[in-house]
Amino acid sequence: MSKLATALLIVATTLSVGFAQNPQNRSVQPSHGIAPKTENGIGRADVRVFDQNGNPIPNAFVELESTRTDGFFCESWNDTDELGIAVLPPIHMGSLRLKVKAKGYHSEVITVPRDELGAPVQVTLRKK
């Protein structure tokens, strides 16, 4: 009987790992974004990049530019993973402009409200 229990445990573990790697689970991935508490405060963007059919776009280049009210300019960047997610390094947040580009897709440039960075920033790219 213990061989059967062991086999069932192995099957259950294998299935749970498979479900965790399913791209459809990307929406349940917790946000790693942090909205700054003050103007020019430190924040972090969690960007999720998809195509028009809702499929993740891996290896998209994501760059966040911050023009602060004290005259400084900050930027951070990263590439998306296989789930289309890029978590950018923290920077001081002023007026934010997000640039996203990927091979085979039209680039996007969007303004991002800094107080909404606690939730993932969703970006949809159109094929060329």
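Taking the stretch 63-95 only, how many residues are touching a residue at least 40 places away in the same chain (Cβ under 8 Å), under 18 Å from residue 33 (Cα atoms) and either exposed (fewer than 14 other Cβ atoms within 10 Å of the Cβ) or not small (Gly, Ala, Ser) (or both)? Final tally of qualifying residues: 10. Could you list, ordered by first residue, the pairs with Cβ atoms under 7 Å in which the first is in the stretch 104-121 and over 25 Å from residue 28 (Cα atoms) and the second is open to solvent by 70 Å² or more (accessible area, probe 1.4 Å) and not in a strand (DSSP E or B), at least 6 apart or interchain? Close Cβ pairs (under 7 Å, with a partner that is open to solvent by 70 Å² or more (accessible area, probe 1.4 Å) and not in a strand (DSSP E or B)) amount to 104/128; 105/126; 105/128; 106/126; 106/128.
Within the stretch 34-49, the set of residues being under 15 Å from residue 81 (Cβ atoms) and either in contact with a Pro (Cβ under 6 Å, 6 or more places away or on another chain) or polar (S, T, N, Q) (or both) comprises 46, 48. Any idea which residue in the stretch 33-54 is nearest to residue 72 (Cα to Cα), counting only those that are open to solvent by 70 Å² or more (accessible area, probe 1.4 Å), part of a loop (DSSP other than H, G, I, E, B) and modelled with pLDDT of 95 or more? Among those residues, the one meeting the criterion is 52.
The values are calculated or read from the model by the stated rules, or taken from the named source; none is laboratory data. On a predicted model such as this, the values are computed, not experimentally measured, just so you know. Note: ideal-geometry Cβ built from the backbone for every residue, glycine included; neighbour counts use all protein chains shown. For accessibility, only protein heavy atoms count, side chains too; no ligands or nucleic acids. Shrake-Rupley method; radii C 1.70, N 1.55, O 1.52, S 1.80 Å.
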